[in-house]
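K.L.:
The structure is given below, and queries will be raised subsequently.
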Amino acid sequence: AAMVQKYQSPVRVYKHPFELIMAAYERRFPTCPLIPMFVASDTVNEYRSEDEAIHVIERRCKLDIDAPRLLKKIAGVDYVYFVQKNSLNRRERTLHIEAYNETFSNRVIINEHCSYTVHPDNEDWTCFEQSASLDIKSFFGFESTVEKIAMKQYTSNIKKGKEIIEYYLKQLEEEGITFVPRWTPPVACKSENSTCHPRRPVSPAINIPESATKEGLSSKEILNTSSSPSEPTAGTPDDKLDADYIKRYLGDLTPMQESCLIRLRQWLQETHKGKIPKDEHILRFLRARDFNIDKAREILCQSLTWRKQHQVDYILDTWNPPQVLQDYYAGGWHHHDKDGRPLYVLRLGQMDTKGLVRALGEEALLRYVLSINEEGLRRCEENTKVFGRPISSWTCLVDLEGLNMRHLWRPGVKALLRIIEVVEANYPETLGRLLILRAPRVFPVLWTLVSPFIDDNTRKKFLIYAGNDYQGPGGLLDYIDKEIIPDFLGGECMCEVPEGGLVPKSLYRTAEELENEDIKLWTETIYQSASVFKGAPHEVLIQIVDASSVITWDFDVCKGDIVFNIFHSKRAPQPPKKDSLGAHSITSPGGNNVQLIDKVWQLGRDYSMVESPLICKEGESVQGSHVTRWPGFYILQWKFHSMPACATTNLPRVDDVLASLQVSSHKCKVMYYTEVIGSEDFRGSMTSLESSHSGFSQLSAATTSSSQSHSSSMISR
């Protein structure tokens, strides 16, 4: 398979006039001590126009390529010959160089174009630019080796290019040459005998044999940049990237990385007539895909489409977060870290994620997180200006003090996963570092659910501290200046981030309200509702194949009081008959009611209770999990909680008797969701966290040994 590699340089600006740069450039011929592999050159062809404005010279250059001895032997050559054709136009003040290989030209095709031109905004400055392509058709089975050698030699020469010009400029200066006059047309003279041929009026020479020249491997040395030969105006700085700008705003990139950025940017300008992302953002997508230009282009295009669909460019200006977010979302920007990165503080443990999802729906939450990311991009730009160096990512400090089972509420976790997914896809390489502080015992559970969705590059940037470890060596002070450590972490700095707290139930919206706002709250699709009657509990069957799985549940008691139980049975219950609803079917529109435990089954013989019963009052939200000890069938049961009989007497109270006549008071309503998490989801990070902190998580301990069972249910009132 043929491999084609392309290279496009940024513009390199020399703050010297074109004529002086030309004088420096010419000094590298016939050989140049600064380019050891450039052994010799002979002039093959030369042409000068009568007025001296045009000078074209073709040279054959002999190069001693730094390649393994063996490869040279196989190839049967010691030197590689290149043809380099330089076309100088003194009137236009341009030099175009083109070079191609003569050796192995049937196997390998190398083409290079370079140009020196006048800077579009300053006629005393010179721009240099170069591009090249390498196409290896075949090379005795050593194609990839040859490609590596060629790329290595090429990029090392690119880096040298500037030094060489500067070296000869200095040499000229030492000889007292600091100015070279511009070309002027010969003056027509009338004498009695001879008449100089009248010159045509000077006009831009269009079709000069400028053959957008290029200068063999040796030109790489000179890397500078400029506009395309035909239209000098195209070289406006907005349009092209110059080397100094890249260094100042984007960072130290290798020549090939610069080339990828320039080519991807060029492609965007040609194909996306609309708004194209800022250079630093294009660069993030390239970094996220290790500068594989095709892969980066693919994810960048998906992101641009997504931005358009969701009007993301307008979020910061047009969207005002609802009051409930401003009051209860415990996150905000807080100065910057020691590297000058913007710092975002999130007090996740203090935040009622469930309440926020129920009050806002997932869309509003996602939109808010997007506005935070957009603000982050803006702050990076700002800090790049302030600190005088490229800053392209931010640091996030997450305080987990207060994290509990409520944060493992599945719809909340699902919302979190979707948010992470959207952010990963559209804001790659924006997280410089993530400091997770005061991680509590339930953290590993959350971590195992979330970590598969996080890109490996991103995951390497996580630092996790349990308890007060962050105050010790290797802790927060390594990353954040003492003066800005927030008060709630024992620092001196007042932190404006909202405290969070529970979102009042009165702010919860019904599914219908959220629907009407065209915010699809998928929590309603994953919840099921059930009716529970006196004598007719609602039961759900879960079959477990792998012993150490985790059954998770999350339910709201909408009406009445109930008892929640979990049972285990080795044999499968009979599927419920259609008419099992019996008399109750009339009273249960919209809520299902299923019994699985056979009337003849005996507790302790046919099935066993694996958790102690949990009494749940009307209005409560319950989340919990159970690590299974055995395979088989598990039954979750919601049972009517009978009213306590009158304490003073065993006789039923009149109220109770009356109540029992009204069927409706015997109907409870539950909205529930259950899910089984396979034990494989708990590998890796659980054990590493466990080992770093003894007894760190009951759950992880329970998952690793199936001999014990453990459950935790938490009620949030």
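K.L.:
Probe radius 1.4 Å, ligands and nucleic acids left out: which of Leu253, Leu437 has the largest accessible area, and how do the rest follow?
P.N.:
Ranking Leu253, Leu437 by accessible area, largest first, yields Leu253, Leu437.
K.L.:
Using 0.36 nm per residue of separation minus the Cα-Cα distance, give me the extension gain between Ile276 and Ser156 in nm, one decimal.
P.N.:
Result: 40.0 nm gained on full extension.
K.L.:
Show me 333-344, 359-370 ranked by packing, highest mean number of other Cβ atoms within 10 Å first.
P.N.:
Final packing ranking: 359-370, 333-344.
K.L.:
Oh, and also: May I ask you to order 495-504, 418-427 by the average number of other C-beta atoms within 10 Å around their residues, highest value first?
P.N.:
418-427, 495-504
K.L.:
Still on this structure, please answer the following. Quote the FRET efficiency, to the nearest 0.05, computed for Glu58 versus Ser133 with a Förster distance R0 of 35 Å and r equal to the Cβ-Cβ distance.
P.N.:
Here the calculated transfer efficiency is 0.95.
K.L.:
Along the principal axes of its C-alpha atoms, what lengths does region 318-506 span, in descending order and rounded to whole Å?
P.N.:
That gives 47, 40, 34 Å along the principal axes, largest extent first.
K.L.:
Considering only protein heavy atoms, what per residue accessible area in square angstrom results for region 243-310 with a 1.4 angstrom probe?
P.N.:
52
K.L.:
Relative to the present Cα-Cα distance, how much length would full extension add between Met256 and Asp478 at 0.36 nm per residue of separation?
P.N.:
76.6 nm
K.L.:
When the chain is fully extended, how far beyond the present Cα-Cα distance does Glu46 get from Phe387, taking 0.36 nm per residue of separation?
P.N.:
117.6 nm
K.L.:
Put Val610, Val622 in order of accessible area, largest first, 1.4 Å probe: what do you get?
P.N.:
Result of the area sort, largest leading: Val610, Val622.
K.L.:
By a straight-distance test (C-alpha under 18 Å), which lysines pair with Lys247 as possible cross-link partners, with residues fewer than eight away in the same chain excluded?
P.N.:
Cα-Cα hits under 18 Å: Lys15, Lys159, Lys160, Lys162, Lys278, Lys385.
K.L.:
Just report the Cα centroid separation between region 1-68 and region 619-643, whole Å.
P.N.:
Here the answer is 80 Å between Cα centres.
K.L.:
Sticking with this one: Given a cut-off of 24 Å, what percent of all Cα-Cα pairs of region 5-175 lie beyond it?
P.N.:
40
K.L.:
Please calculate how many Å² of accessible area region 5-175 carries per residue, with a 1.4 Å probe and no DNA, RNA or ligand atoms counted.
P.N.:
Using a 1.4 Å probe on heavy atoms only, each residue of region 5-175 averages 46 Å².
K.L.:
Which lysines have a Cα lying under 21 Å from the Cα of Lys669, excluding residues fewer than 8 positions away in the same chain?
P.N.:
Straight-distance partners of Lys669: Lys354, Lys505, Lys534, Lys559, Lys578, Lys617, Lys639.
The values are calculated or read from the model by the stated rules, or taken from the named source; none is laboratory data. Because the structure is a prediction, the values reported are computed rather than measured. In this analysis, Cβ positions are derived from the backbone assuming ideal geometry, glycine residues included, and neighbour counts consider all displayed protein chains. Protein only, heavy atoms only, side chains kept; ligands, DNA and RNA dropped before computing areas. Shrake-Rupley method; radii C 1.70, N 1.55, O 1.52, S 1.80 Å.
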